[in-house]
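Written below as structure tokens is the structure these notes are about.
Values quoted throughout were computed directly from the atomic coordinates according to the rules given, and no laboratory measurement underlies them. Model, not experiment: these values are computed from the prediction. Don't worry about glycine lacking a Cβ; one is built from the backbone with ideal geometry, like all the others, and counts go over all protein chains shown.
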Amino acid sequence: MWEPEKALADVATGQAPDHSAAYAALLAKGSVARYSKGEGQGTWGIFSHAEIEKAALDTKSLSNVTVPPGTPRILPLMADPPEHGAYRRLVNPFFAPSKISAAEEVMRPIAAEMIDALIGQGDADFASYAYHFSTQTLCRFLRVTADWRIYNDWSSEMERLTGSGTATPGSSLPMDHFLKVVPYIQDLIDDRRANPGDDVVSGFIAGEIDGQKLDDQAVTGLIIALILAGRSTTASGIGNFVRRLATDRKLQDFLRANPDRIKDAVEESLRIESPQQEMPRMAVQDIEVGGETIKAGDSVFLNYGSANLDPTRWENPDVFDIDRKSKLHFAFGRGIHQCFGAPLGRMQMRVTAEELLRRTTAFELAGDVERHVWPRLSVEKMPLRFTAA
């Protein structure tokens, strides 16, 4: 048995030279490890691409219902089959290609206006753009009636309190803060019942699961899932990608001259710096993983960031290569719990890069970058200096 606590602690506190070096050390030891040797309930990490792929597809042994009974669940994230499938069938149509194309027409002008304002300052913090753009455009996507800043501030505090915005296995959500947003969402639901449209919230209200309309609590849970998952992951993806462009002038110039390759660069950025580095599961029956026995009741973390840097799956995994033939990374998960908002997040990253590159001839770091590295890999402060086109 080997213990990964030190390596993971170094990642979490920023003491590791970089997260990829820590993952390389973990992968060299094995594909799975128990985080501590204590008696009773165990906590495990799975690190290799092959074992995570199997675990992500194993919904019989590993549950996504990771909060204690009585704690509000964020659906469909914290649901198992068959309940999960019913919710996904309700949600998925709102993220179809036609819906994303329509959303892009609304979001691109917002990106352009916000980026123009930053360029006009000469030097500006791009991390604030990433969070404000992702929140503002998500609220437009939901046709939110309240000020988008309310949701931005609420989400930010949820992430601070939990480390990721959701609960880890066996833990409860910070209920006092969690409930603060509910009155605003109830106002949104009431407005949409009175003024239905073709938006996501109206669709949730009109939709059915097992022949039954969703009550307000269920609709609220779906909206919260979209806000929590959509804001931070997208903002992190944007920040990570723009930081790389700001520090790699050759890549920046290439994409400015070849905007059709921005999509490929987005995928490689998501692979090499996955916004969500791990996701929790709860073992509901004993399971063998990498020669170790994970017991029923044990907590399990699927380390997607590690899988995306596994040298047995990726040649030169630390190299940013937009010509990789395979784009099948774990940034948005795998299997039934693959992020339903992935098409929206990819589009928001692409649109940001397109508008930023189009409006500049160059941009570079103008100061120190502050990063959050665990369990979410993100940029929290990033001063950039822009040269306008």
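Might you report the magnitude of the Cβ-based charge dipole of the chain about its Cα centre, with Lys and Arg at +1 and Asp and Glu at -1, to the nearest 20 debye?
It comes to approximately 480 debye.
When only Cα pairs under 8 Å and 6 or more residues apart are kept, what is the percent relative contact order across the chain?
26 percent.
Quick one: which of LYS99/LYS263; LYS29/LYS60; LYS54/LYS327; LYS295/LYS325; LYS29/LYS263 span more than 29 angstrom between C-alpha atoms?
Values: LYS99/LYS263 18 Å; LYS29/LYS60 27 Å; LYS54/LYS327 18 Å; LYS295/LYS325 38 Å; LYS29/LYS263 34 Å.
Checking Cα-Cα distances, LYS295/LYS325; LYS29/LYS263 exceed 29 Å.
Run through all the Cα pairs of region 67-150 and give the fraction in each 10 Å bin from 0, expressed as whole percent.
The distribution over region 67-150 is 14, 31, 31, 17, 6, 0, given as percents.
With each pseudo-label sitting 7 Å past Cα toward Cβ, what's the LYS180-ALA206 distance in nm, one decimal?
3.5
Determine, for HIS19, HIS84, the number of other Cβ atoms within 10 Å of each Cβ, and report the residues in order from fewest to most. Present the calculation step by step, with values, prior to reporting the outcome.
Values: HIS19 24, HIS84 19.
In increasing order of surrounding Cβ atoms, one gets HIS84, HIS19.
Can you put TYR87, TYR184, TYR304 in order, fewest other beta carbons within 10 Å first? Provide the component values of the computation, followed by the final result.
Working: TYR87 22, TYR184 17, TYR304 27.
Ascending Cβ contact count within 10 Å gives the list TYR184, TYR87, TYR304.
Helix by helix, which DSSP H runs in the chain go 27 Å or more along their axis at the Cα atoms and have an average Kyte-Doolittle hydropathy of 1.0 or more?
Qualifying helices, which must be both long enough and hydrophobic enough, do not occur.
Rank GLY333, MET347, PHE363 by how far each Cα sits towards the positive end of the charge dipole of region 324-389 (+1 on Lys, Arg Cβ; -1 on Asp, Glu Cβ) and give me just the farthest.
Farthest towards the positive end: GLY333.
Scan the chain and hand back the longest stretch that contains none of the trypsin sites (Lys or Arg not before Pro) lying in DSSP loops with at most 11 other Cβ atoms within 10 Å.
Free of exposed loop sites, the longest segment is 61-324.
Taking R0 as 22 Å, what FRET efficiency do you get between GLU380 and GLN121 from their Cβ-Cβ distance, rounded to the nearest 0.05?
0.70
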